[in-house]
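K.L.:
Supplied in structure tokens, the structure appears directly below.
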Amino acid sequence: MKLKELLTGIENFKMKGDEELEIKSIENNSKKVKPGSLFVAIKGYDFDGHKFIDEAIENGAVALMLDMSADLKSIKLPKDMTVILTDNTRANLAIMACNFYKNPSRHFKLIGVTGTKGKTTTTYMIKSILEKAGYKVGLIGTIANYVGEDIISESNRTTPESLELQELFYKMAVAKVDYVVMEVSSQSLKLHRVDGSNFDMAVFTNFSKDHISLKEHTDMDDYFNSKLKLFQMCPKGFVNGDDFKCERLMHYAKNCDIKTYSVDNGSNLIAKDITITNASVDFKVKLGQKNERMKVNIPGRYSVYNGLAAISVAISLGIDSEKIKEGLLEIVIPGRNELVPNDKELTIMIDYAHTAESLENVLNSVKAYTMGRIICVFGCGGDRDKTKRPEMGEVAGRLADFSIVTTDNPRTEKPEDIIADIEEGISKTKGNYKIVVDRKEAIQTAIDMANKRDIVILAGKGHETYQEINGVKNEFDERKIVKEILKNK
């Protein structure tokens with residue numbers, strides 16, 4: 001593609017060089033640059049791409065996009081090198097990625113789901129309903145990226161970087177999907193990963209404290225305003241009417257036609273007559289002139305909200321109520337209230353709960369139906385918001401009958417330091433707890449304690465099949481670990 005075509009839609013840039021230049025690829029990682037590449041230098045939290053310009057040139061870059069403030073005198077540039085200077089290389093990378101892959105999101109309907117919790121479950125619900133209605137669906141999110149039932153790539157983050165995202169969209173367009181449903185993280189909105197994408201609908205599940213750190217969001221306003229961007233990018237939206245941020249979001253997204261769903265407040269779609277068991281939840285909603293009973297095999301009140309969000313989308317697309325029922329009934333989501341089958345008759349649940357609020361939701365949910373004790377194994381991730389560590393400790397100490405505090409993904413931090421932060425909160429409660437640093441040993445300890453009446457909750461890892469320690473992702477699949485422990489029990 002010619003450089004001038006790549007630059008379509010980009011404003012406020014200065015260029016020295018040949019706009020007719022043929023660009024074979026766009027890269028923001030100097031190591032991936034090859035002959036004919038355009039290298040885009042991005043200033044990140046840990047790395048500054050401008051420091052790797054020499055390597056990009058050595059690897060064959062024929063053009064560079066740099067920050068307007070870049071000191072060109074300090075860079076040894078070949079005389080014939082084409083250089084573009086812009087005020088936001090990250091945002092412009094997204095626009096160029098759209099151009100390079102010929103704006104693939106215009107070839108299907110794109111549904112974005114954002115919110116602190118429930119994104120993954122809601123996207124899977126929407127996908128299931130759409131497929132029951134006969135559509136071909138792509139899904140992009142935390143667990144994996146799919147076309148239909150086929151995984152086309154694993155996920156490294158909730159929402160891919162713009163280059164990867166547009167390539168995924170391109171593959172989905174080639175596969176002729178009708179819809180793509182995707183999780184849209186606040187970080188992806190803040191860092192312009194989804195800029196240029198053609199969203200048709202947006203869903204807002206809920207809002208609570210999370211992702212507040214030097215590398216994520218500076219404060220709650222920054223966090224909310226990032227999520228708000230999604231609704232400023234599309235014509236139609238669906239919002240949790242029981243969430244305290246609902247009115248504010250609707251106020252600032254004035255050009256988006258927003259409908260609400262709720263349990264407690266008046267909304268466009270309301271769930272009533274809710275029944276929650278240890279294996280499912282069912283509720284009534286009014287579709288047209290008829291009250292329909294919906295069932296989801298994921299227990300907990302939050303499953304009602306996620307179900308309402310999915311139903312709201314389905315209604316707007318004119319999907320038959322029977323197809324909606326079938327889609328919700330057959331939904332299975334890895335790492336979300338996932339029970340590990342076993343012949344020991346022990347109840348062992350794997351859940352992704354990794355914030356105080358999500359852990360509280362899970363513990364309160366199982367507390368309503370568990371006959372025996374709740375034994376909770378959990379930790380907190382390293383290099384992330386430290387304030388949630390004592391909060392999670394306090395929640396576990398207050399609601400679990402016994403907690404085993406252990407390691408999650410410590411990343412570059414010492415597990416013992418993270419655990420000490422958690423202990424500040426749990427020690428303030430009257431809850432019984434034990435520290436077992438090694439997570440596999442912690443799981444073993446929990447299983448050894450449990451009887452048939454108890455429930456063991458392995459919180460925090462969910463669908464993940466690795467444990468990240470010092471930059472290395474080590475294999476760690478809790479399903480396999482549980483089965484191995486039970487086999488030897």
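The values are calculated or read from the model by the stated rules, or taken from the named source; none is laboratory data. In this text, all values refer to a predicted model and were calculated from it rather than measured experimentally. Every residue, glycine among them, receives a Cβ derived from its backbone with ideal geometry; neighbour counts consider all protein chains shown.
K.L.:
Since ILE319 meets every condition but one in (1) surrounded by 15 or more Cβ atoms within 10 Å (Cβ to Cβ); (2) part of a helix (DSSP H, G or I), which condition does it not meet?
P.N.:
(2)
K.L.:
Right, next: Quick one: count up the residues across segment 322-337 that are of a type in the set (A, V, I, L, M) and either under 17 Å from LYS290 (Cα atoms) or crowded, with 24+ Cβ neighbours inside 10 Å (or both).
P.N.:
Of the residues in that region, 2 qualify.
K.L.:
Is segment 80-89 home to any residue that is under 30 Å from THR142 (Cα atoms) and in the same structural domain as LYS14 (by TED's automatic domain parsing)?
P.N.:
Scanning segment 80-89, I find at least one residue that is under 30 Å from THR142 (Cα atoms) and in the same structural domain as LYS14 (by TED's automatic domain parsing), so the answer is yes.
K.L.:
Scan segment 380-405 for residues that are crowded, with 20+ Cβ neighbours inside 10 Å and hydrophobic (A, V, I, L, M, F, W, C) and jot them down.
P.N.:
CYS380, MET392, VAL395, ALA396, ALA400, PHE402, ILE404, VAL405
K.L.:
Here's something else I'd like to know. Do we find a residue being part of a helix (DSSP H, G or I) and closer than 26 Å to ASN409 by Cβ anywhere in segment 326-333?
P.N.:
No, every residue in segment 326-333 fails to be part of a helix (DSSP H, G or I) and closer than 26 Å to ASN409 by Cβ.
K.L.:
List the residue pairs whose Cβ atoms are under 9 Å apart, where the first residue sits in segment 287-298 and is farther than 12 Å from LYS325 by Cα, the second is assigned to a loop (DSSP other than H, G, I, E, B) and basic (Lys, Arg), and the two are 6 or more positions apart or on different chains.
P.N.:
If the second residue must be assigned to a loop (DSSP other than H, G, I, E, B) and basic (Lys, Arg), the pairs left are ILE298/ARG336.
K.L.:
I would also like to ask the following. So, in segment 276-319, exactly how many residues are aromatic (Phe, Trp, Tyr) and over 20 Å from the mean Cα position of the chain (by Cα)?
P.N.:
Number of matching residues: 1.
K.L.:
Could you list all residues from segment 31-52 that are farther than 19 Å from ALA94 by Cβ and modelled with pLDDT of 95 or more?
P.N.:
LYS31, LYS34, PRO35, GLY36
K.L.:
Still on this structure, I have one more. Would you be able to tell me the number of residues in segment 462-478 that are modelled with pLDDT under 95 and within 28 Å of LYS367 (Cβ to Cβ)?
P.N.:
Looking only at that region, the number is 3.
K.L.:
A follow-up question, please. Return the residue satisfying two criteria in turn: it lies in segment 274-289 and is outside any loop (DSSP other than H, G, I, E, B) and over 18 Å from ALA310 (Cα atoms), and of such residues it is modelled with the lowest pLDDT.
P.N.:
ILE276
K.L.:
Would you list the helices (runs of 4 or more DSSP H) that sit entirely within segment 1-114 and hold 3 or more residues that are polar (S, T, N, Q), free of Cβ contacts under 8 Å to residues at least 60 places away in the same chain and under 30 Å from ALA173 (Cβ atoms)?
P.N.:
No helices (runs of 4 or more DSSP H) qualify here.
K.L.:
Going by the structure shown, is LYS102 crowded, with 20+ Cβ neighbours inside 10 Å, among the charged types (D, E, K, R) and within 26 Å of the chain's Cα centre (by Cα)?
P.N.:
no
K.L.:
Given the condition touching a Phe, Trp or Tyr at 6+ places or on another chain (Cβ under 9 Å), in a loop (DSSP other than H, G, I, E, B) and within 28 Å of TYR433 (Cα to Cα), answer yes or no: does some residue in segment 350-360 qualify?
P.N.:
yes
K.L.:
While we're looking at this one, here's another question. Those residues that are more than 17 Å from VAL194 (Cα to Cα), modelled with pLDDT of 85 or more and aliphatic (A, V, I, L, M), I need them from segment 218-254; list them, please.
P.N.:
VAL239, LEU249, MET250, ALA253, listed by residue number.
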